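Visitor: Following this message is one structure expressed as structure tokens.
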Amino acid sequence: MTQTKTERSVTINPGILCQPIGAMQAVLGVHAAIPLVHGSQGCAAYPMRMFNRHFAEPVEIALSSLGEDAAVFGGADNLVKGVHALAARRHPELIAVITTCLSETIGDDIDGILRKIDLPVELVPMHTPSYVGSHVTGYDNAVKALVVKLAEQTGPTDKINITVGLLNPGDIRELKSMLEIMRVKANILTDISETLDAPLRLPRPSFPTGGTTLKEIADTANSLGSIALCKHAGGGAVAYLANKHKVPMILGASPIGVANTDAFLENVSKLVGRPVPEQLRRDRGRLIDAMIDVQFKTVQKKVAIFADPDVASGMARFVHELGMEPSIVATGTTSKEFVKDVQAIASQTGHEIEILSGCDLYGLQEAIKADGVDLLMANTHGKTIADDEGIAFARVGFPVYDRVGYQRRAIIGYNGGINLVDLITNSILEHGDVS
Amino acid sequence: MPLTLLECDIPIPEREKHTYIKKSGECIVPMCNVQTTPGDLTERGCTYAGCMGVVGGPVKDVIHLVHGPIGCAYYTWGGGRRQNLSDNPEFHRKYCFSTSMQEANIIFGGEQKLHKSILESYERFPDVNGVFVYATCVIGLIGDDINNVCKKASKEIGVPVIPFSCEGFRGVSQSLGHHIANDVIFDRIVGTKEPDEVTPYDINIIGDYNIQGDLWIIAPLFEAMGLRILCTFTGNASIDDLAMAHRAKLNVMHCQRSTPYICQLMEEKYELPYMPVSLFGIKQTSQALRDVASFFGLEEQAEMVIESEIAKVLPQIEYYKEKLKGKRVFIYQGAPRAWHWIKLMDELGMQVIGAATTFGHTDDYEKIIERIGDGALVIDNPNSLELKEILVKYKPDLFISGLKEKFLAYKLGVPFVNGHAYENGPYAVYSGFVNFARDMDMTMNHPAWKLIEGRT
């Protein structure tokens, strides 16, 4: 049974955030870049607070500061003044101008306004009205805007491009570790592993070290190929590079679990023409060892998964590998592609999966009530559902701020799989302890 | 040279007007309550945040329906659950309602979607006593007639449906949102119900949002003096509490930035006087209890309460005083806590070397400047670069601010206490003062600071 759209007009306990915050996260993974939100006060302050909570890191978000005057007369003056002030005070290498429902409805021509500004800083317009899509599409639009603006053919390299999607610093560290083991050089779009998980050492650098450099973004036009770890969040950029610069593309399943990680490594292996090394085979073996060890604790448990589309579908395949039943697989972003992906998992594995696309957590809870599951995997907001329904709860996704450390640990790759085995099994065990 | 330009502000010299170094005998107030400079790395919130997040949101038995695209509703969801405590946690702050306006609704208008959303929400939560509808930015631009929709829906469902036109762009900060919420609650709710009984000792506590349970340690003090609390505005308030608030004999006003409006309106219409108080620290709290007691002729009762409360906390406060005296602190709060807490720090023998507010008005800065020591920095609506410069240059022993500044302080190696949502609060009155002092001591003496590479 597939329900793709709720019948309700009202959204109760939303499953998505707005486009601008997704775009901001993408920009925060670029070295010495600052998002400049073209909107009102809350459009900067609220996402900032969300990042603070999830990543436990400071972030800088600039604002064009639209008030009543701008709502009537347009926000061009604010934007021009804002870009100049930010460039002069902060000397970033890149300023991403991120629109909002306010500035898109006012109708400011930000592309035209930015073209007329002559400053030694890359200015990248990003169109992210909050009344379209979700944080996932906002991230996708942002990464695409970066390559559209910066990617430039200068001669082939032996690198590959990887768009990460809305994952965490821990995931990117795991990704880099896998690539290092394979001796693969990559342009990672965008790399929050240092910028949103910076060490505490003094003096603090003006910009966090790390992040994707502008040179790396420019170089994406010259790579052997591109892989989108999350096709909904990064796939747009990968498709653009394929069309415009003829860079072969792979819109892979997120490398969550054994089969998906196998497929990812095989793809990398094919692109660079080198086999998957022994060390990664050992990691794979350790993951499977962990899965077998916990089998009597996980097997046949029914799971409801709520996450962004590619994480949710990746997770569905993994819980199947764990011998669990992915009974409900849900995402807040409306996507036919997601439905197709999960349907494919259902037909390959023989599980009957209720697929919810574009759902809110109220809808998810209704489905859980009807189906009866043992475990819910969702962000922090899933906690009240798990409490109400008396089921085990494992935190995945964004935001997770009612427990510490999620953002530090990978969920991708074989090592991420081991983390997930522990997370899932321990949450089932803890639930067993109390009930 | 009383006004000063921080180094990071050289490219935006207008910030000089917002930045003042206190000098005795002078009467200068930094520029405040104006639009944030474009391009600023701002910490400020919007009108919607002040209206929904601060004043409206704590009301515990209504559906808070946000009319606009999804983001604004999400950002105010649940976060306050552990902060604006209420005795209705099974509903309050657990749910988040939004019309989640889509592109087609922006083009063709969102009135129908709003109307259906109100009915659908109420159908699912029929135990609520009202619906608050908050309009976000885009609603003001497309011109939905939310008043009319709310009126119609209210008739259909039989409970008040109250519209708040609190579009984010309307004001320069949260402050206008507070004002809008005050006006709407006064116009549409206050005076619409009568209490079963009134006593000569009824008060309202206005301007407290029950952060980590502040109200639950404030209220018993007044009750012990023989007073009855009719309404708390708006921490843990029900819509009926607000409706009957006009029958109190005195409004005791704590947050003097977000609620003077409703106090003044109630005074004009109902001849209900109000009394501003500070309920932080021993001295200010005792003064507040005495002031309120003298209004009711309960002086003796007040002295008994004060004596017993002080006896309970004094040994601990004396202990922390020893550890905290001489420490230099920088306070950045919404507005009134900056000046409430200058006196509280005095009581602990700490020195306030700087004070800032997000949305303070002239009267807030007058109070800060009157209370703060010579040479201290007073800055309005500071941005993250200014905060960094202040923390690095002035090297306070402690920074007290909110979540958005917390991790900046940490990354600079500066001990920090969250004064907005608290760490291990509540922080109000006597027992909260002990919590506050303990948290300040805990962060300043945390062993890990000493391990930071390069910290001098």
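Visitor: Within straight cross-link reach of A:LYS246, meaning Cα distance under 29 Å, which lysines are found once same-chain residues fewer than 8 apart are removed?
Guide: A:LYS144, A:LYS149, A:LYS159, A:LYS176, A:LYS185, A:LYS215, A:LYS231, A:LYS270, A:LYS336, A:LYS340
Visitor: Apply the Karplus parameterisation 6.51 cos²θ - 1.76 cosθ + 1.60, with θ equal to phi minus 60°, to every residue of segment B:36-45 and state each ³J(HN,Hα) to the nearest whole Hz, in sequence, with x for glycine and proline.
Guide: Each residue of segment B:36-45 in turn: 5, 4, x, x, 5, 8, 7, 10, 6, x Hz.
Visitor: At 0.890 mPa s and 25 °C, plugging the Kirkwood radius over alpha-carbon pairs of the protein assembly as shown into Stokes-Einstein gives what diffusion coefficient in µm²/s? Can you show the working numbers first?
Guide: Working: Rh = 28.4 Å.
So the translational diffusion coefficient is about 86 µm²/s.
Visitor: While we're here: Which peptide among A:91-104, B:109-122 comes first, and what is the full order, when sorted by highest mean count of other Cβ atoms within 10 Å?
Guide: Values: A:91-104: 26.1, B:109-122: 21.5.
Result, highest mean Cβ count within 10 Å first: A:91-104, B:109-122.
Visitor: Within a 10 angstrom radius of each residue's Cβ in B:89-96, how many Cβ atoms of other chains show up on average? Whole number is fine. Please list the in-between numbers first.
Guide: Working: counts 1, 2, 0, 0, 1, 6, 5, 8.
Other-chain Cβ atoms within 10 Å of each residue's Cβ, averaged: 3.
Visitor: Over segment B:47-188, what is the relative contact order in percent, taking alpha-carbon pairs closer than 8 angstrom and at least six residues apart? Walk me through the intermediate numbers first.
Guide: Working: 249 pairs, mean separation 50.2, N = 142.
Worked out over segment B:47-188, it gives 35 percent.
Visitor: Related question: Please work out the C-alpha center-to-center distance from segment B:265-340 to segment B:370-389 and express it in whole Å.
Guide: 25 Å
Visitor: Right, something else. Among the lysines, which have Cα under 25 Å from the Cα of B:LYS249 when same-chain residues fewer than 8 positions away are ignored?
Guide: B:LYS60, B:LYS193, B:LYS269, B:LYS283
Visitor: With a cut-off of 8 Å between alpha carbons and a minimum separation of six or more residues, what is the relative contact order of segment A:19-168 in percent? All intermediate terms of the calculation are to be shown ahead of the outcome.
Guide: Working: 238 pairs, mean separation 48.9, N = 150.
It comes to 33 percent, rounded to a whole number.
Visitor: Work out from phi, with θ = phi - 60° and the Karplus expression 6.51 cos²θ - 1.76 cosθ + 1.60, the ³J(HN,Hα) of each residue of segment B:293-307, listed in order in whole Hz, and give x for Gly and Pro.
Guide: So the Karplus estimates, Gly and Pro as x, are 4, 5, 5, 9, x, 10, 4, 4, 4, 4, 4, 5, 4, 4, 4 Hz.
Visitor: Related question: Let me check against my output: what whole-number percent is the relative contact order of chain A, with C-alpha pairs under 8 Å and at least 6 apart? If you can, show how the numbers build up before the last one.
Guide: Numbers: 945 pairs, mean separation 79.3, N = 435.
Over chain A, the number comes to 18 percent.
Visitor: If you take the charge dipole of chain B about its Cα centre, with +1 on Lys and Arg Cβ and -1 on Asp and Glu Cβ, which of B:ASN88, B:THR42, B:ALA104 is farthest toward its positive end?
Guide: B:THR42
Visitor: Something else about it: With charges set only on the Cβ (+1 for Lys and Arg, -1 for Asp and Glu), what does the dipole of chain B come to about its Cα centre, in debye to the nearest 20?
Guide: Working: 45 positive and 57 negative charges, 238 e Å.
The calculated dipole for chain B is roughly 1140 debye.
Visitor: Suppose every Lys and Arg Cβ carries +1 and every Asp and Glu Cβ carries -1, with no other charges. What dipole size does segment B:202-303 come out with about its Cα centre, to the nearest 20 debye?
Guide: Values: 7 positive and 13 negative charges, 36 e Å.
Around 180 debye, computed over segment B:202-303.
Visitor: Peptides B:306-313, B:161-168, A:373-380, A:9-16: what's the order by average Cβ count within 10 Å, highest mean first?
Guide: Numbers: B:306-313: 14.6, B:161-168: 27.4, A:373-380: 23.0, A:9-16: 25.1.
Top of the packing list down: B:161-168, A:9-16, A:373-380, B:306-313.
Visitor: Mind sorting A:PHE73, B:PHE433 by how few other Cβ atoms lie within 10 Å of their own Cβ, fewest first? Don't jump to the answer; show the numbers that get you there.
Guide: Working: A:PHE73 11, B:PHE433 27.
With the fewest neighbours first, A:PHE73, B:PHE433 line up as A:PHE73, B:PHE433.
Visitor: Can you give me the three principal axis dimensions of segment B:343-394 from its C-alpha atoms, in Å, biggest first?
Guide: That gives 30, 25, 17 Å along the principal axes, largest extent first.
Visitor: In addition: What residues qualify as long-range amide H neighbours of A:LYS302, i.e. H under 5 Å apart, gap of 5 or more or another chain, H built at 1.01 Å from N?
Guide: Distant-sequence amide H within range of A:LYS302: A:GLU325, A:ASP374, A:LEU375.
Visitor: Report the gain in length on full extension from B:LYS321 to B:GLU123: 0.36 nm times residue separation, minus Cα-Cα distance, nm rounded to one decimal.
Guide: Values: separation 198, 0.36 × 198 = 71.28 nm, distance 5.48 nm.
Separation in residues times 0.36 nm, less the Cα-Cα distance, equals 65.8 nm.
Visitor: Is there a quick way to get the dipole size of segment B:314-451? I mean about its Cα centre, with the Cβ of Lys and Arg at +1 and of Asp and Glu at -1; what is the value in debye to the nearest 20?
Guide: Numbers: 17 positive and 17 negative charges, 105 e Å.
Roughly 500 debye for segment B:314-451.
Visitor: Per-residue Cβ counts within 10 Å, from other chains only, averaged over B:8-19: what number is that? The partial results should precede the final answer.
Guide: Details: counts 2, 2, 2, 7, 6, 0, 1, 2, 0, 0, 0, 0.
Per-residue shielding by partner chains comes out at 2.
Visitor: Follow-up. Whose amide H sits under 5 Å from the amide H of B:ASN84, counting only residues 5 or more places off or on another chain, with H placed in the peptide plane?
Guide: B:GLN212
Visitor: Further question: Straight distance only, please: which lysines reach the Cα of A:LYS81 with their own Cα at less than 19 Å, same-chain residues fewer than 8 apart left out?
Guide: The reachable lysines, counting only those whose Cα sits under 19 Å from A:LYS81, are A:LYS116, B:LYS17.
Visitor: Expressed as a whole percent, how much of the Cα-Cα distance distribution for chain B exceeds 43 Å? Could the numbers behind the result be given before it?
Guide: On the way: 15257 of 103740 pairs.
Within chain B, distances greater than 43 Å cover 15 percent of Cα pairs.
Visitor: Could you list which residues have their amide H under 5 Å from that of A:ALA394, counting only those 5 or more apart in sequence or on another chain, with H placed in the peptide plane?
Guide: Distant-sequence amide H within range of A:ALA394: A:LEU376, A:MET377, A:ALA378.
Visitor: Could you go through segment A:68-80 in sequence order and give the Karplus-derived ³J(HN,Hα) for each residue, using 6.51 cos²θ - 1.76 cosθ + 1.60 with θ = phi - 60°, rounded to whole Hz, and x for Gly and Pro?
Guide: Along segment A:68-80, the couplings run 4, 4, 5, 4, 8, 9, x, x, 4, 4, 4, 5, 4 Hz.
Visitor: At a 10 angstrom cut-off on C-beta neighbours, averaged per residue, how do the peptides B:272-285, A:57-70 rank from highest to lowest?
Guide: So the order, starting with the most tightly packed, is A:57-70, B:272-285.
Visitor: Let me ask something additional. Quick one: A:ARG274, B:ARG44, fewest Cβ neighbours within 10 Å first, how do they rank?
Guide: Details: A:ARG274 12, B:ARG44 26.
Lowest count first: A:ARG274, B:ARG44.
Visitor: Also, quick follow-up: What is the fewest-to-most order of B:THR36, A:THR154 by other Cβ atoms lying within 10 Å of their Cβ? Spell out each step's value before the answer.
Guide: Details: B:THR36 22, A:THR154 10.
Arranged by neighbour count, lowest to highest, B:THR36, A:THR154 become A:THR154, B:THR36.
Visitor: Follow-up question, since we're still on this one. Give me a single rounded figure for B:48-59: the average over its residues of other chain Cβ atoms within 10 Å of their Cβ. Don't skip to the answer; put the middle values down first.
Guide: Values: counts 4, 6, 2, 0, 1, 2, 0, 0, 0, 0, 0, 0.
Going residue by residue through B:48-59 and averaging, the value is 1.
Values in this text are rule-based calculations from the coordinates and carry no lab data. Note that the structure is a prediction, hence the values are computed from the model and not measured. Backbone-built Cβ (ideal geometry, glycine too); neighbour counts: all protein chains shown.
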